[in-house]
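Worksheet: the structure to be examined is printed underneath.
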Amino acid sequence: MRRYMPLLPPMPMYPVSYPVQQPQPQSQQQQHQSAYPQTPMYMPPPMPPIPPMPATPEEELAFLEEYKKLLEEDLKDLQEELKSVTERIKELKAMLGKK
């Protein structure tokens with residue numbers, strides 16, 4: 001799992017809806033009807049809180065050192081995953097080549 005400080009939140013995605021003509025009510029009362037049907041919106045998952053920007057060079061240094069450690073851990077995990085995927089590809093190619 002990657003840990004990072006996002007720069008911008010993801011853009012919400014909304015479903016496309018088109019106006020639907022609905023029959024007019026028979027009564028004399030005018031009821032307010034929306035021209036668009038009510039459809040649920042996609043709401044992105046809540047984002048982790050963004051830490052405040054460091055106020056001093058010492059705070060920034062500590063923040064960057066911690067962030068570097070997290071990135072190095074993620075890199076190590078990704079390298080291990082890549083290695084296992086590469087090995088599996090070799091196995092599958094060998095298996096398919098023997099047929």
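Bear in mind that the values in this text are calculations on the coordinates, not laboratory data. Predicted model only: the values in this text are computed from it and were never measured. Positions of Cβ are backbone-derived with ideal geometry, glycine not excepted, and every protein chain shown enters the neighbour counts.
Label-to-label distance, residue 80 versus residue 65, with points set 7 angstrom from Cα along the beta-carbon direction: 2.5 nm.
Note that the range 63-69 has calculated 3J(HN,Hα) couplings of 4, 5, 5, 5, 4, 4, 4 Hz, one per residue in order, obtained from phi through the Karplus relation 6.51 cos²θ - 1.76 cosθ + 1.60 (θ = phi - 60°); glycine and proline are x.
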